[in-house]
Every structure is written in C-alpha cells, then in structure tokens.
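What follows is a single structure, written as structure tokens, with notes after it.
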Amino acid sequence: LDHHLEKFPLPEVPYKRSTHFGGWLRDRSNGSCLNTRGKVLVRDSARDVTYKPGSSPDKPQQCTVQGGEWNDPYTAQVFLSARDIQIDHLVALKNAYMTGAYEWDFKKRCLYANYLGNNFHLLSVNGRENQLKSDHTPEGYIPPNGSYVCQFVKQWLNVKLIWSLRITPKESTAIDQIVSENQCDPQIFVVSHDELARQREFMTTHA
C-alpha cells in the first residue's frame, strides 16, 4: 500500500445509489434476457437453476432465476431458493464512491455495479447476512464463517487494487489486525501483473 499523509479526499456530492451507479443491467448481447443478478445466480449455483415462468405470453420466459443451490461463503450455509439470496458488491457501492468512484463518470460506475470480470466482485450471499454487512468495511464487518475470513480480506484488497480505490486509515488498521488474528498466509495476497492486466483489459473492453 502507498501511504499518504494529506487529508483523506471526500466527494462534494452526497452518495445516492441510483443516481451514481444505476441498477442491474440486462445485457442481451449474448442472447440472454437475464440481468446481472440473474447471471451471478447462474454462475454461483452448484446445480442447474430453475426459472420463474413469465407472467404473460408476451413477456420473455426464463428471465428470473427461481431455484438452485447456493453455498453462501459468508455463513457457509446452503440455500435453494433465489429469494434467500442477494447479490453483494464485496466492496459496497457507497464505500467505492467514498474512496474514489465519485471521481469517475457514470459509465464506469455502472460497470463497477455490474462487473462480471471475476467471481468475487459480486457474490451470491444470504440476504439477511448481506443486510448485516451493509456498506461496512472490514473494520465493521467480517463474515461469521471463520474459514472464509482471509479470503474475504484478500478479495476486498483485490477489488480495491483493480479499481484503484483508496483505503482509509481505519480500514487499513482493521485489515492488518484481521490478517494477524487469523494468521492469514501472506502469499494469498499476492496479485500477479498478468492477472491485474486481465482485469483492467476486461474493464476497458466492457466500458
């Protein structure tokens, strides 16, 4: 991490999710009518998903995921109904906005909100647990599944690195403490130049 002594920069415009990041996109370029939430549910399900039938003949079918098998990494519990699952932005939209995304244009923020370039930026997690996590950093939330804590911190730092987001002093202190208390292997935090380049290329091609 690069450490800076100046005052932490903050946005002049208060955060508003819909204004700054928009909602889930429904990209039909691959022939699918699923939105981003649906695509993540399909990706993360351990078995083939089922779909909710269309509400009328003129509406497209199989556009809403209904059932599957999701192993929530935060709680280590398995859920079979999509109603129990929310899609979590590992680094919450508000945190991203406050730590640098306010400097981006809307198109880049929308890409961040719908990013599918890896399998950890967006996660299928239990809705109640996601509400507890809210927009907290590791200072205010770590998963109750102890076996996932080190991975959670690794992925948090990866998102921050990929998107060049800042880390607050309190956030940094909390992460150092979590890594120490959980005896996380330092090697898991290594990110290769090639992997970072792949992520940045994905960002560019999907911008």
Could you rank 200, 128 by how accessible they are, 1.4 Å probe, largest area first?
128, 200
In whole Å, how far is the Cα centre of segment 1-22 from that of segment 63-131?
20
For residue 19 the rounded accessible area (nearest 10 Å², probe 1.4 Å, non-protein molecules ignored) is 80
Where labels lie 7 Å past Cα in the beta-carbon direction, separation of residue 50 and residue 120 in nm
3.3
Two-decimal ratio, segment 152-207, of alpha-carbon radius of gyration to 2.2 N^0.38 Å
1.28
Might you list the cysteines of the chain that have no disulfide-compatible partner by the rule of another cysteine's Cβ under 4.7 Å?
110
If Rh is defined by the Kirkwood formula over all Cα pairs and Rg also comes from Cα, what ratio Rg/Rh do you get for segment 90-207?
0.94
Environment charge of residue 196, counting only residues whose C-beta is closer than 15 Å and scoring Lys/Arg +1, Asp/Glu -1
+1
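Considering only protein heavy atoms, what per residue accessible area in square angstrom results for the chain with a 1.4 angstrom probe? Mind dumping the intermediate values first?
On the way: 12030 Å² over 207 residues.
Value for the chain: 58 Å² per residue.
For 203, 98, write out the residues from largest to smallest accessible area, computed with a 1.4 angstrom probe and no ligands counted. Present the calculation step by step, with values, prior to reporting the outcome.
Details: 203 20, 98 60 Å².
The ranking, largest first, comes out as 98, 203.
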Computed FRET efficiency, Cβ-Cβ of residue 69 and residue 30, R0 22 Å: what is it to the nearest 0.05?
0.40
At a 1.4 Å probe, what is the % contribution of carbon and sulfur to the accessible area of segment 133-179?
53
With N residues in the chain, Rg(alpha-carbon) / (2.2 N^0.38 Å) equals 1.07
Of 52/107; 52/94; 108/160; 52/133; 52/154; 16/133, which ones are farther than 26 Å apart at the Cα?
52/107; 52/94; 52/133; 52/154
As a check on your grasp of the helix formula, calculate [θ] at 222 nm for the chain: sum -39500 (n - 2.57) over DSSP H runs of n ≥ 4, divide by the residue count, round to the nearest 500.
-10500 deg cm²/dmol
Global form of segment 121-169, assessed from the alpha-carbon gyration tensor, a/c cut-off 1.5:
prolate
For segment 78-130, which whole-number percentage of the solvent-accessible area (1.4 Å probe, protein heavy atoms only) is attributable to carbon and sulfur atoms?
49
Dimensionless Rg over Rh [segment 1-43; C-alpha; Kirkwood]:
1.26
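The values are calculated or read from the model by the stated rules, or taken from the named source; none is laboratory data. Only a predicted model underlies this, so the values are computations on that prediction, with no experimental measurement involved. Cβ sites come from the backbone with ideal geometry, for glycine too, and all protein chains shown count toward neighbours. For the accessible areas, the whole protein counts, side chains as well, though only heavy atoms, and no ligand, DNA or RNA atoms are used. Shrake-Rupley method; radii C 1.70, N 1.55, O 1.52, S 1.80 Å.
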